[in-house]
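Novice: Here you go, one structure.
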2 protein chains.
Amino acid sequence: MSNYQYIDGGVCAPKGFQGSAVSCGIKNPEATRLDLALIYSTEPCTSAGTFTTNRVKAACVKVCQKHLEMGDIRAIVANSGNANACTGAAGMEDAKAECYRLAELLPISPAEVAVCSTGVIGLPMPMMRILPKFDSLVEGLSHDKGMPVAQAIMTSDTKEKTMAVEVEIQGKPVRIGVCCKGAGMINPNMATMLCFITTDVGIDRNVLELCVKSGVDHSFNCITIDGDMSTNDTVLVLANGASTVKVESPDDIFIFQQALSYVMLEMAKHIVQDGERVTKFVTVKVVGAETEEEAILASEAVAKSSLVKSSWNGNDPNWGRIIHAVGYCGAPVEEEKIDIDIAGLPACRGGLQTDTPSDSLREAVQVKDFEILINLNRGEYNHVVYTTDLSPEYVDYNRSEYAYWNQAKADGLTS
Amino acid sequence: MSNYQYIDGGVCAPKGFQGSAVSCGIKNPEATRLDLALIYSTEPCTSAGTFTTNRVKAACVKVCQKHLEMGDIRAIVANSGNANACTGAAGMEDAKAECYRLAELLPISPAEVAVCSTGVIGLPMPMMRILPKFDSLVEGLSHDKGMPVAQAIMTSDTKEKTMAVEVEIQGKPVRIGVCCKGAGMINPNMATMLCFITTDVGIDRNVLELCVKSGVDHSFNCITIDGDMSTNDTVLVLANGASTVKVESPDDIFIFQQALSYVMLEMAKHIVQDGERVTKFVTVKVVGAETEEEAILASEAVAKSSLVKSSWNGNDPNWGRIIHAVGYCGAPVEEEKIDIDIAGLPACRGGLQTDTPSDSLREAVQVKDFEILINLNRGEYNHVVYTTDLSPEYVDYNRSEYAYWNQAKADGLTS
């Protein structure tokens, strides 16, 4: 499936990148789980990022955006357990304090630091637990910490999400490393997502920005519903040129962009697939739409329908619920033109049931991974959304964040 | 709370209306549950209706709309267990066959019949079970069948939803009766909703249509998300003038419209409240919006967020998730202006947590019925949405419709 050579090392695989991770006791008071990570380039970088479009933005997101406006970043510090969102002026001070502290410990300016947080919203950051760990965080920097870095940004994720690939450009090997986090059980509307990408190509910032935008549109935005992003979603890419390969020609840019998009799409799929409580990985593919917007509306309506997702959880190949969701998507779809294939079997033709035996359809969805193919038969536009079922365990898991609040109360951060 | 005098009789309470209900074995093969209802006015009526905006419309909805275009209706026949949706030309023939059969048994034309269905989508109607019951259905018509009619249209509803009120207009009593169905466990996006209203006032059709539209906008549309209606949603109002009171003057129209809106809002709330698997009835009230659209976007984003609804199920007063949903609603809300009260307690002011003890907030949501009040502090527009929590049992309940499909297979209606 892939033409890329997988290599070890994650975000530390590209030359000149180091990582470190420690536990501050944000995720659990016993401080047995890694929850603070640092990624650092020994060389200056060009950098690009995309951020949540939520009007409620975490303090750290605002600081990241500001630092990217001011110039390029070459260090990323990220914690899990607290999102530093809805924390006002104090939250801004906390985020900046991390940047300033790093600039005291590393040969960089505060504005070269990106600061990221993920976790519970609305609680002050437990800075008394975080800042004292910065010395050991920086002391721990090394080239073999890709995995601990990936672990430190996990929240409800059940698996580390990290990889690295090597690609040949101008006859020389270059590397792209990545780590990301989503959630153990994805509601695609809500997954707080962090993704950090490192590469040792040299590349102009404006070109890098275009590559990042294109990659995100075809990966992370295919598991997110219309602007429905969390307060903290962040994708950051750092390119330090340490491979001595400069990506400039259209051919080289094409190769780099394809590789970048590939690792982004792999990470996006991993986010969806992760989690004990998710039992299905479903690809919702809409073809034959009259416009791209129509394809997006129809695929997202199906992918976010609670009733459709519940039926997948029950191994119920319920095409009636699927066409129902297509019908209310907001585009002028035509019932009598709609074809639906479920896991490769024709379930609906021209808005009507086919003679595919219902037992065959039920059998076909008794797998972890299947595709819903919806042909609107109105035009040439397509769109794909990757999503999951909705399980009773998802709801149960999300019923309460008491544990975090109780800890904040013990820390004197809330009443 | 109400200025209206409640009376018995449901849709048969207004003068000149009769009802009947039988079991055809659509809902269960043993035919122990009522699943076919008839409402009939002995006098001609003026009539009005509103229907789903889903592009995938049930055959019965298309027939209803056609008949209302052709003139007025005075009989409603409704079944539960099969939605007659995505059934193509055969479904249209089935719906029309019901109208023609009724016109043979009653002194009305086929076009005076509204035909409604609710239940599973995509299966042919079991007409071999339905049409043979029409004789006994018509023979059973009487003035005391309001309750059986309400029972026959139930699907996953756990309670009958019916009421009648008496109002004085021009010094004389007039009556409005109603029955409706939603679902036992409401996902407000998805509830298939039928509502039949009878009244013995006389009223011009164009006035009645305006009254119905206004009532629906402030009731059923407050439990439905932006066009996200089912294939079958239908509200029908029949006015037969049997009270001899003609509603014509602005004052009389006002009184009638208020009463009509009142019964619609009561029914809408009952739909939301119904169901063992729903543990909370939550009123999401947004005030201080800059535009009406902003108020609607913000309230609906909160009311349909899986994470917010899951937290309510867990008695978790999670204002962080609420402001997060407000942030992605699509309107240009301003984080630092947002105030949130939960069950009467200030939880968030200016986008930040208050000093309300978290124990007090938790205590406050340990009730079945509470309000989330969100002040955007940007203008003068308000909107209210009535919604529920999301429970693990909801998902479990909706995992499979196998039982219906197995019955259809036994009937030879699917393969």
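Novice: Check the range B:86-97 and report whether any residue there is more than 14 Å from chain A (Cβ to nearest Cβ) and surrounded by fewer than 24 Cβ atoms within 10 Å (Cβ to Cβ).
Specialist: Yes, the range B:86-97 contains at least one residue that is more than 14 Å from chain A (Cβ to nearest Cβ) and surrounded by fewer than 24 Cβ atoms within 10 Å (Cβ to Cβ).
Novice: Collect the residues in the range B:70-85 that are more than 14 Å from chain A (Cβ to nearest Cβ) and either under 24 Å from B:Arg33 (Cα atoms) or assigned to a loop (DSSP other than H, G, I, E, B) (or both), keeping them in residue-number order.
Specialist: Listed by number, the residues that qualify are B:Gly71, B:Asp72, B:Ile73, B:Arg74, B:Ala75, B:Ile76, B:Val77, B:Ala78, B:Asn79, B:Ser80.
So that you can scan it fast, the table gives a plain yes or no per residue for (1) closer than 20 Å to B:Ser23 by Cα; (2) in a helix (DSSP H, G or I); (3) at pLDDT 95 or above; (4) of a type outside the set (Asp, Glu):
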{"site": "B:Cys99", "(1), (2), (3), (4)": "yes, yes, yes, yes"}
{"site": "B:Cys116", "(1), (2), (3), (4)": "yes, no, yes, yes"}
{"site": "B:Gly119", "(1), (2), (3), (4)": "yes, no, no, yes"}
{"site": "B:Asp135", "(1), (2), (3), (4)": "yes, yes, yes, no"}
{"site": "B:Ala150", "(1), (2), (3), (4)": "yes, yes, yes, yes"}
{"site": "B:Thr162", "(1), (2), (3), (4)": "yes, no, yes, yes"}
{"site": "B:Glu166", "(1), (2), (3), (4)": "no, no, yes, no"}
{"site": "B:Ala191", "(1), (2), (3), (4)": "no, no, no, yes"}
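Novice: Tell me which of these A:Asp355 doesn't satisfy, since it passes every other one: (1) at the interface with chain B (Cβ under 9 Å from one of its Cβ atoms); (2) charged (D, E, K, R); (3) exposed (fewer than 15 other Cβ atoms within 10 Å of the Cβ); (4) part of a helix (DSSP H, G or I).
Specialist: Among (1) at the interface with chain B (Cβ under 9 Å from one of its Cβ atoms); (2) charged (D, E, K, R); (3) exposed (fewer than 15 other Cβ atoms within 10 Å of the Cβ); (4) part of a helix (DSSP H, G or I), the lone unmet condition for A:Asp355 is (4).
Novice: Being under 25 Å from B:Leu413 (Cβ atoms), among the aliphatic types (A, V, I, L, M) and more than 21 Å from the chain's Cα centre (by Cα) is the filter here; which residues of the range B:121-148 pass it?
Specialist: B:Leu123, B:Met125, B:Met127, B:Met128, B:Ile130, B:Leu131, B:Leu137
Yes/no per residue for (1) under 16 Å from the mean Cα position of the chain (by Cα); (2) among the aliphatic types (A, V, I, L, M):
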{"position": "A:Leu210", "(1), (2)": "no, yes"}
{"position": "A:Ser219", "(1), (2)": "yes, no"}
{"position": "A:Cys222", "(1), (2)": "yes, no"}
{"position": "A:Ser249", "(1), (2)": "no, no"}
{"position": "A:Tyr262", "(1), (2)": "yes, no"}
{"position": "A:Lys269", "(1), (2)": "yes, no"}
{"position": "A:Val286", "(1), (2)": "no, yes"}
{"position": "A:Leu307", "(1), (2)": "no, yes"}
{"position": "A:Ser310", "(1), (2)": "no, no"}
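Novice: Further question on the same structure: Among the candidates B:Thr118, B:Thr162, B:Thr198, B:Thr192, which residue alone is closer than 21 Å to B:Pro44 by Cα, buried (at least 24 other Cβ atoms within 10 Å of the Cβ), within 18 Å of the chain's Cα centre (by Cα) and polar (S, T, N, Q)?
Specialist: From the options B:Thr118, B:Thr162, B:Thr198, B:Thr192, the qualifying one is B:Thr198.
Novice: Given A:Leu265, A:Leu236, A:Leu260, which one is part of a helix (DSSP H, G or I), out of contact with any His (no Cβ under 9 Å at 6 or more places or on another chain) and farther than 28 Å from A:Gly320 by Cα?
Specialist: Within the list A:Leu265, A:Leu236, A:Leu260, the selection yields A:Leu260.
Novice: If you don't mind, another one. When residues of the range B:289-318 are filtered for being under 16 Å from A:Asn54 (Cα atoms), at the interface with chain A (Cβ under 9 Å from one of its Cβ atoms) and at pLDDT 90 or above, how many remain?
Specialist: Number of matching residues: 1.
Novice: Being closer than 21 Å to A:Ser306 by Cα and facing chain B (nearest Cβ under 9 Å) is the filter here, so list the residues in the range A:358-378 that pass it.
Specialist: A:Arg362, the sole residue that qualifies.
Novice: Across the range B:1-37, which residue is modelled with the lowest pLDDT among those that are assigned to a loop (DSSP other than H, G, I, E, B) and touching a Phe, Trp or Tyr at 6+ places or on another chain (Cβ under 8 Å)?
Specialist: Among them, the one singled out is B:Ser2.
Novice: Of the conditions (1) under 19 Å from B:Asp157 (Cα atoms); (2) within 14 Å of another protein chain (Cβ to nearest Cβ), B:Leu34 satisfies every one except a single condition; which number is it?
Specialist: Going through (1) under 19 Å from B:Asp157 (Cα atoms); (2) within 14 Å of another protein chain (Cβ to nearest Cβ) one by one, B:Leu34 breaks only (2).
Novice: While we're on this one: Let me spell it out: the conditions are (1) in a loop (DSSP other than H, G, I, E, B); (2) farther than 20 Å from A:Lys161 by Cα, and A:Glu294 meets all of them except one. Which number is the exception?
Specialist: Evaluating A:Glu294 over (1) in a loop (DSSP other than H, G, I, E, B); (2) farther than 20 Å from A:Lys161 by Cα leaves (1) as the failure.
Novice: Within the range A:352-369, track down each residue that is of a type in the set (Asp, Glu) and more than 12 Å from A:Asn315 (Cα to Cα).
Specialist: Scanning the range A:352-369 gives a single hit, A:Asp355.
Novice: Which condition breaks for A:Ile338 when tested against (1) farther than 17 Å from B:Gly122 by Cα; (2) within 11 Å of chain B (Cβ to nearest Cβ)?
Specialist: Going through the list (1) farther than 17 Å from B:Gly122 by Cα; (2) within 11 Å of chain B (Cβ to nearest Cβ), A:Ile338 breaks only (1).
Novice: Report, by residue number, each residue of the range B:45-59 that is more than 8 Å from chain A (Cβ to nearest Cβ), under 18 Å from the mean Cα position of the chain (by Cα) and farther than 14 Å from B:Val235 by Cβ.
Specialist: Selection gives B:Ala58 alone.
Novice: Ok, one more. Which condition breaks for B:Val385 when tested against (1) within 30 Å of B:Ser80 (Cα to Cα); (2) within 12 Å of chain A (Cβ to nearest Cβ)?
Specialist: Here B:Val385 clears every test but (2).
Novice: Kindly evaluate A:Ala325 against the criterion of being small (Gly, Ala, Ser), within 11 Å of chain B (Cβ to nearest Cβ), closer than 26 Å to B:Thr414 by Cβ and assigned to a helix (DSSP H, G or I).
Specialist: yes
Novice: So, one more: Here are some conditions: (1) surrounded by fewer than 21 Cβ atoms within 10 Å (Cβ to Cβ); (2) assigned to a loop (DSSP other than H, G, I, E, B); (3) modelled with pLDDT of 90 or more. A:His383 meets all but one. Which one does it not meet?
Specialist: (2)
Novice: Only one of A:Asn79, A:Asn28 is surrounded by 22 or more Cβ atoms within 10 Å (Cβ to Cβ) and of a type in the set (S, T, N, Q); which?
Specialist: Going through A:Asn79, A:Asn28 in turn, the sole match is A:Asn79.
Residues checked against (1) of a type outside the set (A, V, I, L, M, F, W, C); (2) surrounded by fewer than 24 Cβ atoms within 10 Å (Cβ to Cβ):
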site: B:Ala295; (1), (2): no, no
site: B:Val302; (1), (2): no, no
site: B:Ser310; (1), (2): yes, no
site: B:Trp319; (1), (2): no, no
site: B:Pro332; (1), (2): yes, yes
site: B:Ile338; (1), (2): no, no
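Novice: Something else: Is the range A:57-69 home to any residue that is modelled with pLDDT under 95 and outside any helix (DSSP H, G or I)?
Specialist: yes
The values are calculated or read from the model by the stated rules, or taken from the named source; none is laboratory data. Because the structure is predicted, anything quoted here is derived from the model rather than measured. Glycine gets a Cβ as well: all are built from the backbone with ideal geometry, and neighbour counts include every protein chain shown.
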